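Here the structure comes first, spelled out in C-alpha coordinates, and everything after it is commentary.
The values are calculated or read from the model by the stated rules, or taken from the named source; none is laboratory data. All of these numbers come straight from a predicted model, not from anything done at the bench. With ideal geometry, Cβ positions are generated from the backbone for all residues, glycine too; neighbour counts draw on all protein chains shown. Areas reflect the complete protein model, heavy atoms only, side chains present, ligands, DNA and RNA absent. Shrake-Rupley method; radii C 1.70, N 1.55, O 1.52, S 1.80 Å.
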Amino acid sequence: MKRLAIFASGTGSNAKRLIDYFSGNQYISVALLISNRKEAGALEIARKANIPAISFLKEEFYNSSTVIEKLISEKIDFIVLAGFLIKVPDNILKAYENKIVNIHPALLPNFGGKGMYGLNVHKAVIESKKKESGITIHLVNEHYDEGKVLFQAACPVLENDTPEMLATQVQELEHKYFPVVIEDFILTTAAD
Ligand code: GRF
(Lines give C-alpha, C1' and ligand atoms only; values in the text may rest on other atoms or scores of the structure.)
Protein backbone atom coordinates (compact mmCIF):
# COMPACT_ATOMS: atom_id res chain seq x y z
CA MET A 1 0.00 0.00 0.00
CA LYS A 2 1.34 3.46 -0.96
CA ARG A 3 0.44 6.16 1.51
CA LEU A 4 -0.35 9.64 0.28
CA ALA A 5 -0.33 12.96 2.14
CA ILE A 6 -2.29 15.86 0.68
CA PHE A 7 -1.09 19.40 1.39
CA ALA A 8 -3.84 22.00 0.95
CA SER A 9 -4.37 25.62 1.99
CA GLY A 10 -7.91 26.28 0.80
CA THR A 11 -11.38 24.99 0.06
CA GLY A 12 -10.16 21.54 -0.81
CA SER A 13 -12.30 20.57 -3.78
CA ASN A 14 -9.36 18.71 -5.31
CA ALA A 15 -8.53 17.14 -1.95
CA LYS A 16 -12.10 15.87 -1.81
CA ARG A 17 -11.87 14.37 -5.30
CA LEU A 18 -8.65 12.60 -4.34
CA ILE A 19 -10.07 11.31 -1.05
CA ASP A 20 -13.23 10.02 -2.75
CA TYR A 21 -11.33 8.50 -5.65
CA PHE A 22 -8.85 6.57 -3.49
CA SER A 23 -11.28 5.43 -0.81
CA GLY A 24 -11.31 1.66 -1.00
CA ASN A 25 -8.37 1.58 -3.45
CA GLN A 26 -6.29 -1.56 -3.17
CA TYR A 27 -2.87 0.08 -3.69
CA ILE A 28 -3.11 3.73 -2.67
CA SER A 29 -4.59 5.42 0.37
CA VAL A 30 -4.88 9.04 1.44
CA ALA A 31 -3.35 8.76 4.90
CA LEU A 32 -2.88 12.37 5.97
CA LEU A 33 -3.95 15.91 5.15
CA ILE A 34 -1.73 18.80 6.10
CA SER A 35 -2.54 22.50 5.92
CA ASN A 36 -0.83 25.77 6.75
CA ARG A 37 -4.23 27.33 7.60
CA LYS A 38 -6.27 26.02 10.48
CA GLU A 39 -9.49 27.32 8.88
CA ALA A 40 -8.86 25.56 5.53
CA GLY A 41 -11.96 23.72 4.29
CA ALA A 42 -9.72 20.86 3.21
CA LEU A 43 -9.10 19.91 6.88
CA GLU A 44 -12.82 19.45 7.50
CA ILE A 45 -13.22 17.40 4.33
CA ALA A 46 -10.46 15.01 5.44
CA ARG A 47 -11.79 14.72 9.00
CA LYS A 48 -15.24 13.82 7.69
CA ALA A 49 -13.57 10.99 5.79
CA ASN A 50 -11.73 9.89 8.97
CA ILE A 51 -8.36 10.92 7.61
CA PRO A 52 -5.95 12.53 10.11
CA ALA A 53 -5.85 16.25 9.29
CA ILE A 54 -3.49 18.70 10.94
CA SER A 55 -2.54 22.32 10.46
CA PHE A 56 0.89 23.74 11.18
CA LEU A 57 2.01 27.33 11.46
CA LYS A 58 4.19 28.60 8.63
CA GLU A 59 7.11 28.85 11.11
CA GLU A 60 6.75 25.16 11.95
CA PHE A 61 7.10 24.27 8.27
CA TYR A 62 10.27 26.31 7.84
CA ASN A 63 11.98 26.40 11.22
CA SER A 64 11.34 23.02 12.77
CA SER A 65 11.26 19.37 11.85
CA THR A 66 7.69 18.83 13.12
CA VAL A 67 6.13 18.39 9.69
CA ILE A 68 8.74 16.03 8.27
CA GLU A 69 8.64 13.98 11.47
CA LYS A 70 4.88 13.64 11.04
CA LEU A 71 5.33 12.51 7.41
CA ILE A 72 7.85 9.91 8.50
CA SER A 73 5.86 8.66 11.48
CA GLU A 74 2.79 8.30 9.24
CA LYS A 75 4.95 6.38 6.71
CA ILE A 76 4.02 8.73 3.86
CA ASP A 77 5.35 7.66 0.44
CA PHE A 78 4.05 10.48 -1.79
CA ILE A 79 2.86 14.06 -1.33
CA VAL A 80 0.20 15.74 -3.44
CA LEU A 81 -0.17 19.51 -3.38
CA ALA A 82 -3.80 20.41 -3.95
CA GLY A 83 -3.92 24.18 -3.68
CA PHE A 84 -1.00 24.54 -1.27
CA LEU A 85 -0.06 28.19 -1.30
CA ILE A 86 3.27 28.30 0.50
CA LYS A 87 6.55 26.93 -0.75
CA VAL A 88 7.40 23.38 0.27
CA PRO A 89 10.33 23.57 2.73
CA ASP A 90 13.71 22.26 1.56
CA ASN A 91 13.90 19.42 4.07
CA ILE A 92 10.65 17.97 2.66
CA LEU A 93 11.76 18.54 -0.97
CA LYS A 94 14.96 16.60 -0.24
CA ALA A 95 13.29 13.73 1.60
CA TYR A 96 10.61 13.37 -1.11
CA GLU A 97 12.60 14.03 -4.26
CA ASN A 98 10.47 13.18 -7.33
CA LYS A 99 7.62 12.17 -5.03
CA ILE A 100 5.78 15.48 -4.73
CA VAL A 101 3.14 16.34 -7.33
CA ASN A 102 1.41 19.70 -7.83
CA ILE A 103 -1.51 20.84 -9.93
CA HIS A 104 -1.44 24.26 -11.56
CA PRO A 105 -4.53 25.86 -13.13
CA ALA A 106 -2.87 26.92 -16.42
CA LEU A 107 -0.68 25.55 -19.18
CA LEU A 108 2.86 25.88 -17.81
CA PRO A 109 5.46 27.21 -18.53
CA ASN A 110 3.12 30.16 -19.09
CA PHE A 111 1.27 31.78 -16.20
CA GLY A 112 3.28 30.13 -13.44
CA GLY A 113 5.52 31.37 -10.68
CA LYS A 114 5.07 33.74 -7.81
CA GLY A 115 1.67 35.40 -7.50
CA MET A 116 0.13 33.10 -10.10
CA TYR A 117 -2.61 31.44 -8.09
CA GLY A 118 -6.39 31.54 -7.95
CA LEU A 119 -8.13 34.11 -10.12
CA ASN A 120 -4.83 35.95 -10.81
CA VAL A 121 -3.95 33.15 -13.20
CA HIS A 122 -7.21 33.29 -15.13
CA LYS A 123 -7.14 37.11 -15.31
CA ALA A 124 -3.64 36.97 -16.77
CA VAL A 125 -4.65 34.33 -19.33
CA ILE A 126 -7.65 36.40 -20.48
CA GLU A 127 -5.60 39.61 -20.67
CA SER A 128 -2.99 37.85 -22.80
CA LYS A 129 -5.74 36.99 -25.32
CA LYS A 130 -4.62 33.35 -25.38
CA LYS A 131 -7.15 31.07 -27.04
CA GLU A 132 -6.46 28.17 -24.68
CA SER A 133 -5.89 27.52 -21.02
CA GLY A 134 -5.92 24.32 -18.98
CA ILE A 135 -4.16 22.40 -16.27
CA THR A 136 -0.64 21.19 -15.63
CA ILE A 137 0.21 18.36 -13.26
CA HIS A 138 3.93 18.33 -12.49
CA LEU A 139 6.64 17.22 -10.11
CA VAL A 140 7.76 19.79 -7.57
CA ASN A 141 11.32 20.98 -7.24
CA GLU A 142 12.91 23.98 -5.56
CA HIS A 143 11.71 26.36 -8.30
CA TYR A 144 8.04 27.33 -8.33
CA ASP A 145 6.08 25.56 -11.07
CA GLU A 146 9.19 24.31 -12.91
CA GLY A 147 9.36 20.58 -12.19
CA LYS A 148 8.89 17.87 -14.80
CA VAL A 149 5.44 17.98 -16.42
CA LEU A 150 3.49 14.74 -16.01
CA PHE A 151 0.28 15.76 -17.74
CA GLN A 152 -1.54 18.68 -19.36
CA ALA A 153 -5.11 19.13 -20.58
CA ALA A 154 -6.50 22.18 -22.35
CA CYS A 155 -9.80 24.00 -22.66
CA PRO A 156 -10.75 26.90 -24.95
CA VAL A 157 -10.81 30.48 -23.68
CA LEU A 158 -14.02 31.92 -25.12
CA GLU A 159 -14.41 35.49 -26.29
CA ASN A 160 -16.53 36.71 -23.38
CA ASP A 161 -15.07 34.52 -20.65
CA THR A 162 -14.64 36.16 -17.26
CA PRO A 163 -11.88 34.89 -14.93
CA GLU A 164 -14.61 33.16 -12.89
CA MET A 165 -16.01 31.38 -15.95
CA LEU A 166 -12.58 30.23 -17.01
CA ALA A 167 -11.89 29.08 -13.44
CA THR A 168 -14.96 26.82 -13.61
CA GLN A 169 -13.77 25.23 -16.87
CA VAL A 170 -10.29 24.68 -15.49
CA GLN A 171 -11.61 23.24 -12.24
CA GLU A 172 -13.65 20.69 -14.17
CA LEU A 173 -10.45 19.53 -15.86
CA GLU A 174 -8.70 19.35 -12.48
CA HIS A 175 -11.41 17.21 -10.93
CA LYS A 176 -11.55 14.93 -13.95
CA TYR A 177 -7.85 14.29 -14.36
CA PHE A 178 -5.98 14.85 -11.08
CA PRO A 179 -6.88 11.56 -9.33
CA VAL A 180 -6.20 9.37 -12.38
CA VAL A 181 -2.90 11.06 -13.17
CA ILE A 182 -1.79 10.66 -9.54
CA GLU A 183 -2.81 7.01 -9.55
CA ASP A 184 -0.95 6.35 -12.76
CA PHE A 185 2.16 8.21 -11.54
CA ILE A 186 2.29 6.33 -8.24
CA LEU A 187 1.72 2.94 -9.77
CA THR A 188 4.40 3.45 -12.44
CA THR A 189 6.87 4.95 -9.93
CA ALA A 190 6.24 2.13 -7.47
CA ALA A 191 6.81 -0.46 -10.20
CA ASP A 192 10.24 1.01 -11.16
C1 GRF B 1 -6.65 24.63 -7.81
O2 GRF B 1 -7.09 25.47 -8.84
C3 GRF B 1 -5.24 24.22 -8.06
O4 GRF B 1 -4.91 24.18 -9.41
C5 GRF B 1 -4.45 25.30 -7.40
O6 GRF B 1 -5.21 25.63 -6.25
C7 GRF B 1 -6.58 25.37 -6.48
C8 GRF B 1 -7.12 24.58 -5.34
O9 GRF B 1 -8.51 24.52 -5.32
N10 GRF B 1 -3.09 24.90 -7.19
P11 GRF B 1 -9.27 23.59 -4.28
O12 GRF B 1 -8.91 24.05 -2.88
O13 GRF B 1 -8.84 22.19 -4.54
O14 GRF B 1 -10.73 23.79 -4.57
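Points worth noting:
- Amide H contacts under 5 Å for G118, placed H, 5+ residues apart: none
- For the stretch 1-64 versus the stretch 103-153, the inter-centroid distance based on Cα atoms is 22 Å.
- A full extension of the chain between S13 and E59 corresponds to an added length of 14.0 nm, given 0.36 nm per residue minus the alpha carbon distance.
- For the peptides 79-87, 43-51, the ranking by mean Cβ contacts within 10 Å, running from highest to lowest, is 79-87, 43-51.
- Accessible surface for the chain, divided over its residues, is 52 Å² per residue with a 1.4 Å probe.
- Cα pair count fraction exceeding 19 Å, expressed as % - the stretch 1-97: 34 percent
- Under the Karplus curve 6.51 cos²θ - 1.76 cosθ + 1.60, θ = phi - 60°, whole-Hz ³J(HN,Hα) for the stretch 17-30, x wherever Gly or Pro sits: 4, 5, 4, 5, 4, 8, 5, x, 5, 6, 10, 10, 10, 7
- In this structure the amide hydrogen of S133, modeled in the peptide plane, comes within under 5 Å of the amide hydrogens of C155, V157, none closer than 5 places in sequence on its chain.
- The equivalent ellipsoid that matches the C-alpha gyration tensor of the stretch 95-165 spans semi-axes of 25, 12, 8 angstrom, in descending order.
- Rolling a 1.4 Å probe over the protein heavy atoms of the chain, with every protein chain left in place, gives an accessible area that is 51 percent carbon and sulfur.
- Couplings for the stretch 6-13, taken from phi via the Karplus curve 6.51 cos²θ - 1.76 cosθ + 1.60 with θ = phi - 60°, read 9, 9, 8, 10, x, 3, x, 5 Hz in order; Gly and Pro are left as x.
- Note, ³J(HN,Hα) from phi for the stretch 99-113, Karplus 6.51, -1.76, 1.60, rounded to Hz, x at Gly and Pro: 10, 10, 10, 10, 10, 10, x, 6, 8, 5, x, 7, 6, x, x
- Computed over every Cα-Cα pair of the chain and binned at 5 Å starting from 0, the pair-distance distribution P(r) comes out as 1, 8, 17, 20, 21, 16, 10, 5, 2, 0, 0 percent.
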